[in-house]
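**Student:** Sharing a structure with you now.
The values are calculated or read from the model by the stated rules, or taken from the named source; none is laboratory data. Remember, predicted model here, so these are calculated numbers, not experimental data. Here the Cβ positions follow ideal geometry from the backbone for every residue, glycine too, while neighbour counts run over all protein chains shown.
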Amino acid sequence: MIKVGVIGLGNMGVHHARNYFNLENAQLICVCDLNKNLADDLSKKFNCKAYYDYKLMLEQENIDAVSIVVPTSKHKEVSLYCMEKGIDVLIEKPIAASVEDAMEMINKAKERGVILQVGHIERFNPAIKKLKEIVESGKLGEIISIIARRVGAVPVQVRDANVIIDLAVHDIDIINYLYGMYPNSVSGNMGKAIVERREDYAEIFLKYGKKSGFIQVNWITPVKIRNLTVTGSQGYAELNYITQELVVYQSNFTLQNVDEFGNHIQFGVPDKTIVGIEVQEPLKLELLSFIDCVKLRQRPLVDGNQGMLTLQIALGVIDSNKESL
């Protein structure tokens, strides 16, 4: 049984605690938050100890692993302290506030021989897992374009990150994952429409040689949308992150010689397949994977290096936008 704790009990931290409490192969030992009432309430609900200082928690409790769900600006400080104690760490995305901080965290994990997993939760979405299988099978042909849209209202719990760092990192990671490579160039547009001090909308363009990725993110759309589309030479797929629905359209076309100028492509009705997906909570699957890595000493699906590269791309988008102003 892997003994775990949770540091930070905001919107996501609560769900980390809930899932650990319900996992058969994990035991939730303690939770920690500066908000004493919140920590006390959750400790009663999940039958564990409450702390208001994570350093005190680690001194008094013998735990194997911890979820760090604090503001991004505190990721380095908290994770370094935990890893120095020899504790395996799952840290919510993004890995850190800067590439330099991320490198320091990665080096500490290597030095101490601990696991550092970054919480890019969409990697564990069952629909994404199935889509990855379809892409790799060649059913869609050569993938040439991936488009993601992640929009909705301003999240009250996010106070130290802009929309690119908070939202776009999800889809940057997923597009890299589906292509199996990192972009050779990035660019983007961003601005402030409602939120005064942070960018709340952005459009991002990623180039992977002749392939491309496009991401739209914002905190200004009054409805929550989380979708992704993949276009290939032999088909097209539409995915809904929220409902975990996945639809595949298989191209049906023939090439006809028309004249000396070349071929004419005649499209027929595509074959539509609604892919069967067993709907599961991605966070639960992510934590199950983390616990397995802790137990078996395996490399996480999203390790520190991948988390750092995703952050680097996101920061590159921000830098490219500033250069164009």
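**Student:** Which count do you get for residues in region 176-208 that are among the hydrophobic types (A, V, I, L, M, F, W, C), in contact with a strand residue (DSSP E or B) (Cβ under 6 Å, 6 or more places away or on another chain) and closer than 12 Å to W219 by Cβ?
**Tutor:** Residues in region 176-208 being among the hydrophobic types (A, V, I, L, M, F, W, C), in contact with a strand residue (DSSP E or B) (Cβ under 6 Å, 6 or more places away or on another chain) and closer than 12 Å to W219 by Cβ: 3 in total.
**Student:** Also, quick follow-up: Can you name the residue in region 171-198 that is crowded, with 21+ Cβ neighbours inside 10 Å and more than 19 Å from the chain's Cα centre (by Cα) and is also nearest to F214 (Cα to Cα) among such residues?
**Tutor:** Selected residue: G188.
**Student:** Filter region 62-96 down to residues that are without any contact (Cβ under 8 Å) to a residue 60 or more places away in the chain and part of a loop (DSSP other than H, G, I, E, B), then give me how many there are.
**Tutor:** Of the residues in that region, 4 qualify.
**Student:** With respect to I146, is the statement that it is part of a strand (DSSP E or B), surrounded by 16 or more Cβ atoms within 10 Å (Cβ to Cβ) and either among the aliphatic types (A, V, I, L, M) or without any contact (Cβ under 8 Å) to a residue 12 or more places away in the chain (or both) true?
**Tutor:** Considered against the rule, which asks whether it is part of a strand (DSSP E or B), surrounded by 16 or more Cβ atoms within 10 Å (Cβ to Cβ) and either among the aliphatic types (A, V, I, L, M) or without any contact (Cβ under 8 Å) to a residue 12 or more places away in the chain (or both), I146 comes out as yes.
**Student:** When the residues of region 55-82 are filtered to those that are under 24 Å from the mean Cα position of the chain (by Cα) and either at pLDDT below 95 or polar (S, T, N, Q) (or both), which remaining residue is nearest to R297 (Cα to Cα)?
**Tutor:** By that ranking, first place goes to S67.
Here's the yes/no breakdown for (1) surrounded by fewer than 17 Cβ atoms within 10 Å (Cβ to Cβ); (2) among the aromatic types (F, W, Y):
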{"site": "M1", "(1), (2)": "yes, no"}
{"site": "V4", "(1), (2)": "no, no"}
{"site": "V14", "(1), (2)": "no, no"}
{"site": "Y20", "(1), (2)": "no, yes"}
{"site": "I29", "(1), (2)": "no, no"}
{"site": "N35", "(1), (2)": "yes, no"}
{"site": "L38", "(1), (2)": "no, no"}
{"site": "K45", "(1), (2)": "yes, no"}
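**Student:** What are the residues in region 1-26 that are among the polar types (S, T, N, Q) and closer than 17 Å to I121 by Cα, if any?
**Tutor:** N11, N19 - these are the residues of region 1-26 that are among the polar types (S, T, N, Q) and closer than 17 Å to I121 by Cα.
**Student:** Scan region 283-307 residue by residue and report those that are surrounded by fewer than 21 Cβ atoms within 10 Å (Cβ to Cβ) and either basic (K, R) or in contact with a helix residue (DSSP H, G or I) (Cβ under 7 Å, 6 or more places away or on another chain) (or both).
**Tutor:** L283, K284, L285, S289, K295, R297, Q298, R299, L301, N305
**Student:** Another one. Residues of region 217-245 being hydrophobic (A, V, I, L, M, F, W, C) and surrounded by 15 or more Cβ atoms within 10 Å (Cβ to Cβ), which ones?
**Tutor:** V217, W219, I220, L228, V230, A237, L239
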